[in-house]
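Participant: Got a structure for you, written out below as structure tokens; questions coming shortly.
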Amino acid sequence: MTTASLAGCGLVFHSIQRQVIEVASYLTGVMETTAQAEASPNSPSVRMTACVVEVADAEEITQRSPSIFLYQEQAMTDKLYKPYRQRFLQISPSADSQKVESATFIPPKPEAWANLCNKPQSERQVTVKDIGEYRCSVFLELAGSRYIGKTQPDGCPVNYRGAVKVTNSITLDAESMDTLDRGYDQEGNQIWGAENQPYQYRRIKSN
């Protein structure tokens, strides 16, 4: 391999490292769909909160570097004390180092982590056992100043609100995230999630 090609590989490697860090920073903080809900009464007003956590034994599930762990929860803006969806995310390079993978883990005891992001970072320490089982991945690719990604073509298996499969498409930048999050039953019928337009999350606070 020539010096030039090695240099090229180095550029790609450092680029994907930077992208992992950037995606994690874009996801971290507080976003809401309040503006969308005000413009369209049929749209829910949801807050999505995410923060960095430290996984004490992360090496057990970390195959690629860098690997950043986040806790993320969603709650209706009038019931912030009661999140309805909670997950841990592992942000890392994809296996081919061409995209950023956001892997979702579902904690076995989600109620234990409600409002975790209200705590200082020094207290946001968890273990691999705490974050639970791997469920799904979204693969994000840099497109200009934003990242565009989606789940694998067949979606991801779930057992959530009557759905057995979920699909998701995401457009993410420094100030916003649009998601087409959809759940399907065993017959392939969509039973919840975005219909004609994505959920439009807009940043209100950085963490």
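Participant: Please pick out the residue among Val158, Val138, Val166, Val128 that is among the aliphatic types (A, V, I, L, M) and out of contact with any Lys or Arg (no Cβ under 8 Å at 6 or more places or on another chain).
Facilitator: Criteria check complete, one pass: Val128.
Participant: Just wondering, is there one or more residues in the stretch 107-126 that are under 28 Å from Ile191 (Cα atoms) and within 15 Å of the chain's Cα centre (by Cα)?
Facilitator: Yes, some residue in the stretch 107-126 is under 28 Å from Ile191 (Cα atoms) and within 15 Å of the chain's Cα centre (by Cα).
Participant: Also: Cβ-Cβ under 7 Å, sequence separation 6+ or interchain: first residue in the stretch 98-119 and closer than 30 Å to Ile148 by Cβ, partner in a loop (DSSP other than H, G, I, E, B). Which pairs?
Facilitator: That search, which allows pairs on different chains as well, returns Val100/Ser94; Glu101/Ser94; Phe105/Gly132; Ile106/Gly132; Pro107/Gly132; Trp113/Pro107; Leu116/Arg124; Cys117/Asn207.
Participant: Please go through the stretch 84-94 and give me each residue that is of a type outside the set (D, E, K, R) and either at pLDDT 95 or above or surrounded by 20 or more Cβ atoms within 10 Å (Cβ to Cβ) (or both), ordered by number. If you could, list the steps in order and put the result at the bottom.
Facilitator: Step one: filter the stretch 84-94 for residues of a type outside the set (D, E, K, R), giving 84, 86, 88-94.
Gln86, Phe88, Leu89, Gln90, Ile91, Ser92, Pro93, Ser94 - these are the residues of the stretch 84-94 that are of a type outside the set (D, E, K, R) and either at pLDDT 95 or above or surrounded by 20 or more Cβ atoms within 10 Å (Cβ to Cβ) (or both).
Participant: Hey, among the residues in the stretch 125-141 that are surrounded by fewer than 16 Cβ atoms within 10 Å (Cβ to Cβ) and either touching a residue at least 24 places away in the same chain (Cβ under 8 Å) or small (Gly, Ala, Ser) (or both), which one's nearest to Ser15 (Cα to Cα)?
Facilitator: Out of the qualifying residues, it is Glu141.
Participant: Can you confirm whether the stretch 167-182 contains a residue that is part of a strand (DSSP E or B) and within 27 Å of Ala56 (Cα to Cα)?
Facilitator: Initially, the stretch 167-182 is screened for residues part of a strand (DSSP E or B), giving 167-172, 176-182.
Add one more test, that the residue is within 27 Å of Ala56 (Cα to Cα), and what stays is none.
There is no residue in the stretch 167-182 that is part of a strand (DSSP E or B) and within 27 Å of Ala56 (Cα to Cα).
Participant: Quick check on the stretch 127-136. Is at least one of its residues part of a loop (DSSP other than H, G, I, E, B), modelled with pLDDT of 95 or more and closer than 27 Å to Ala58 by Cα? If you could, list the steps in order and put the result at the bottom.
Facilitator: So the first thing to find is which residues in the stretch 127-136 are part of a loop (DSSP other than H, G, I, E, B), and the list is 127, 132.
The next check asks that each one be modelled with pLDDT of 95 or more; those that pass are 127, 132.
Keeping just the survivors that are closer than 27 Å to Ala58 by Cα gives 127, 132.
Yes, the conditions are met somewhere in the stretch 127-136.
Participant: Can you tell me which residue is surrounded by the most Cβ atoms within 10 Å (Cβ to Cβ) among those in the stretch 167-207 that are under 22 Å from Val100 (Cβ atoms) and acidic (Asp, Glu)?
Facilitator: Here the residue is Asp178.
Participant: Here's something else I'd like to know. Which residue, of Pro44, Pro108, Pro66, is assigned to a loop (DSSP other than H, G, I, E, B), surrounded by fewer than 19 Cβ atoms within 10 Å (Cβ to Cβ) and in contact with a Gly (Cβ under 6 Å, 6 or more places away or on another chain)?
Facilitator: The conditions single out Pro108.
Participant: Further question: Among the residues of the stretch 1-29 satisfying the criterion of being among the polar types (S, T, N, Q) and assigned to a helix (DSSP H, G or I), which is modelled with the lowest pLDDT?
Facilitator: The residue in question is Thr3.
Participant: Looking only at the stretch 144-163, count every residue that is of a type in the set (Gly, Ala, Ser) and buried (at least 18 other Cβ atoms within 10 Å of the Cβ) and tell me the total.
Facilitator: Adding up the residues that qualify gives 3.
Participant: Further question on the same structure: Across the stretch 36-65, which residue is modelled with the highest pLDDT among those that are of a type in the set (S, T, N, Q) and over 30 Å from Arg124 (Cα atoms)?
Facilitator: Going through the stretch 36-65, the residues of a type in the set (S, T, N, Q) turn out to be 36, 40, 42-43, 45, 49, 62-63, 65.
When the remaining residues are screened for being over 30 Å from Arg124 (Cα atoms), the result is 36, 40, 42-43.
On the way: Gln36: 95, Ser40: 90, Asn42: 85, Ser43: 89.
For the stretch 36-65, the residue satisfying everything is Gln36.
The values are calculated or read from the model by the stated rules, or taken from the named source; none is laboratory data. Predicted model, so just to flag it, every value in this text is computed and none were measured. Backbone-built Cβ (ideal geometry, glycine too); neighbour counts: all protein chains shown.
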